[in-house]
Amino acid sequence: MTVTHDLERLQRLLDDAGESLSTHFYSASNHVNELLRLAAEHPDASNGSLHKVMEHIAGAITALQFQDMATQLIAHTSQRLRNCADQLARDTFGDDEDGEAVVEIAPLRPNPVTQDEMDAGSIELF
């Protein structure tokens, strides 16, 4: 099925983006730790840069949450499509000499993710 191949491709793209985000997040985290160490040595210095960095890290976390949410939706949609394709094949071709046609079970929930906007800390992950 072309649709499932497209979903698999989208999943790979999201996985790559998530990996890149994780790498940058951990790199930023290391830099923040270094800045915190330097700030501790100079308590009279402004911490504005540290707060800005923390805002960027919060943005990276939100993006990682989005990647996780999108991954869940892709898996859910792929399972639904597989169920539909299996049912169509069974109804069209029937059972064969090996026995009853196997139909993948459809997801029980209509949607695994209830999120519809991206704000820091506002996502429900399952």
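Just so it is clear, none of the values below were taken in a lab; they were calculated from the coordinates. This one's a predicted model, so the numbers in the text were calculated from it and none came from an experiment. Here the Cβ is made from the backbone with ideal geometry for all residues, glycine too, and neighbour counts use every protein chain on show.
General observations
- Where labels lie 7 Å past Cα in the beta-carbon direction, separation of Gln72 and His5 in nm: 3.0 nm
- Distance between the 7 Å Cα→Cβ label points at Ala28 and Ala106: 4.1 nm.
- Mean-square fluctuations from a GNM of the chain, with a 10 angstrom spring cutoff on Cα atoms, peak among Asn33, Asn83, Asn111 at Asn33.
- Virtual spin-label span in nm between Leu36 and Asp16, 7 Å along Cα→Cβ: 3.4 nm
- From helices alone, the chain scores -25500 deg cm²/dmol at 222 nm; the rule is -39500 (n - 2.57) for each run of n ≥ 4 DSSP H residues, then divide by the residue total.
- Two-decimal log10 I(q)/I(0) for the chain, as the Debye equation yields it once each C-alpha is a single scatterer, q = 0.10, 0.14, 0.20, 0.23 Å⁻¹: -0.52, -0.77, -1.11, -1.26
- Computed over the chain with a Gaussian network model linking Cα atoms closer than 10 Å, the most mobile of Asp15, Asp44, Asp91 is Asp44.
- Note that the stretch 92-97 has calculated 3J(HN,Hα) couplings of 7, 9, x, 7, 10, 5 Hz, one per residue in order, obtained from phi through the Karplus relation 6.51 cos²θ - 1.76 cosθ + 1.60 (θ = phi - 60°); glycine and proline are x.
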